[in-house]
Amino acid sequence: MDFIHQFLSIIFPLLTTLLLLFFLPPYLLFKLLSYILRSFRPENVAGKVVLITGASSGIGEHLAYEYARKGARLALVARREDRLTEVADKARRLGSPDVLIIPADVSKPEHCKTFVDQAVNYFGCLDHLVSNAAVIRLSMFEDVTQISDFGGVMSTNFWGSVYGAHFAAPHLRKNRGKIIAIASIAGFMPFPKHCFYSAAKAALISFYEALRVEFGSDIGVTIVIPGLIYTDMVLQQSYSSEIQLDFLPGQSAEGCAKAIVRGACRGDTYLTEPAWYRTFWLLKMLCPELLDSFCRLVLIGKPRSAKKTS
Ligand SMILES: NC(=O)c1ccc[n+]([C@@H]2O[C@H](COP(=O)([O-])OP(=O)(O)OC[C@H]3O[C@@H](n4cnc5c(N)ncnc54)[C@H](OP(=O)(O)O)[C@@H]3O)[C@@H](O)[C@H]2O)c1
């Protein structure tokens, strides 16, 4: 048996490289043509029902405005009702024919069932679920005193999205709808101080990749990988004092939301925004050690020295 594996370890990469040399050019051409076709015939979301979690600020708020401009009917979910009311008013002014606000906490399964049921009972159907709500909490792993303090990151960013997808899937299937899952570049980049956030986002990416295969063409899944986007999440003092990101050009929440809605209507499977951040995937595959050093030096500023023990 060992011999078979040793043999395959040499032969399999060689054969794959050879195959890729022949397969890659027509495959990339096919992808380009399909992209152009989909760009010319995007889904028209006017009158469709879109449920957005985390719609009270940042990317979620601007997603609401972008869908509103296209005439979609909206169900907006977040914990802060006053902010949701303001976003809903602006969304109506921008062109949404009907907006429902549902104050809820996505980390609670019963809330997720309620907001999906309320949206479907009110509008009669569901076309897009935008799973966007998330929180961030930073710390070097060894500085954590209570691991359970970080449970909220997983229960909001991962389980919160899973519950929503679970309750929405039967309704989305009826309308051949879509899930737009907002992950993060932190889901594959080794950002220091982000270990719990990154783990939740990596889990989210894997979860939706598996769902995409299970759903087939019945429910589309667009996995969004935002890079640095200027929202409360990264502009808040507790983030900017911990992480040195001034060198990295970011994107506005509005620009990011426009790209997301365009990508969702086009039926993209993945969307990275800003698009050039995709290069980091390549670096991760080809020279992960380089990426480790880059993240360690640039994000922390200087390598972390060993803890004093005196
Ligand atoms: N900004 C970036 O650079 C960046 C980069 C990569 C990925 N992302 C992702 O983009 C998405 C949007 O983040 P953002 O940058 O727009 O941050 P944000 O402005 O802080 O928005 C987060 C939203 O999530 C909601 N939320 C948080 N916990 C919730 C809960 N338990 N239940 C319901 N809603 C909850 C918040 O509303 P309430 O507080 O009212 O509940 C808020 O509307 C997130 O998934 C984030 O991980 C952001």
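The values are calculated or read from the model by the stated rules, or taken from the named source; none is laboratory data. Keep in mind the model is a prediction, meaning the values are calculated, not measured. Cβ placement follows ideal geometry from the backbone for every residue including glycine, while neighbour counts extend to all protein chains displayed.
Residue by residue, here is whether (1) among the charged types (D, E, K, R); (2) in a helix (DSSP H, G or I); (3) under 16 Å from the mean Cα position of the chain (by Cα) holds:
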| site | (1), (2), (3) |
| --- | --- |
| ILE225 | no, no, yes |
| VAL234 | no, yes, yes |
| GLN244 | no, no, no |
| LEU248 | no, no, no |
| LYS258 | yes, yes, yes |
| ALA264 | no, yes, yes |
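Taking region 175-187, which residues are away from the ligand (no atom under 13 Å from the Cβ), in contact with a Ser or Thr (Cβ under 9 Å, 6 or more places away or on another chain) and on the phi < 0 side of the Ramachandran plot? Break it down into steps so the answer makes sense when it comes.
Taking region 175-187 first, the residues away from the ligand (no atom under 13 Å from the Cβ) are 175-179.
Then keep just the ones that are in contact with a Ser or Thr (Cβ under 9 Å, 6 or more places away or on another chain); that gives 176, 178-179.
Correct list: LYS178, ILE179.
Among the residues of region 245-264, those identified as crowded, with 18+ Cβ neighbours inside 10 Å, touching a Pro at 6+ places or on another chain (Cβ under 9 Å) and under 16 Å from VAL234 (Cβ atoms) are GLY250, GLN251, CYS256.
Can you name every residue in region 244-273 that is touching a Gly at 6+ places or on another chain (Cβ under 6 Å) and either within 16 Å of ILE182 (Cα to Cα) or without any contact (Cβ under 8 Å) to a residue 40 or more places away in the chain (or both)? Let's see the steps before the verdict.
Within region 244-273, the first condition is being touching a Gly at 6+ places or on another chain (Cβ under 6 Å), and the residues that meet it are 244, 253, 267, 271.
Correct list: ALA253, GLY267, LEU271.
Contact map, region 30-48: residues that are touching a residue at least 24 places away in the same chain (Cβ under 8 Å) paired with residues that are aromatic (Phe, Trp, Tyr) and surrounded by 11 or more Cβ atoms within 10 Å (Cβ to Cβ), Cβ distance under 8 Å, separation 6+ or inter-chain. Pairs shown: VAL45/TYR67. Checking every residue in region 205-220 against the condition of being assigned to a strand (DSSP E or B) and either under 20 Å from GLY60 (Cβ atoms) or modelled with pLDDT of 95 or more (or both) gives at least one match. Residues in region 188-199 that are more than 10 Å from the ligand (Cβ to nearest atom) and either of a type in the set (Ser, Thr, Tyr) or part of a helix (DSSP H, G or I) (or both) were compared, and the one that is surrounded by the most Cβ atoms within 10 Å (Cβ to Cβ) is PHE196.
Taking region 200-223, which residues are within 16 Å of the chain's Cα centre (by Cα), polar (S, T, N, Q) and surrounded by fewer than 15 Cβ atoms within 10 Å (Cβ to Cβ)? Spell out how you get there, then give the answer.
Initially, region 200-223 is screened for residues within 16 Å of the chain's Cα centre (by Cα), giving 200-212, 220-223.
If we keep only those that are polar (S, T, N, Q) too, we end up with 206, 222.
Selection gives SER206 alone.
Picking from residues in region 135-153 that are within 11 Å of the ligand (Cβ to nearest atom) and in a helix (DSSP H, G or I), the one that is surrounded by the fewest Cβ atoms within 10 Å (Cβ to Cβ) is GLY152.
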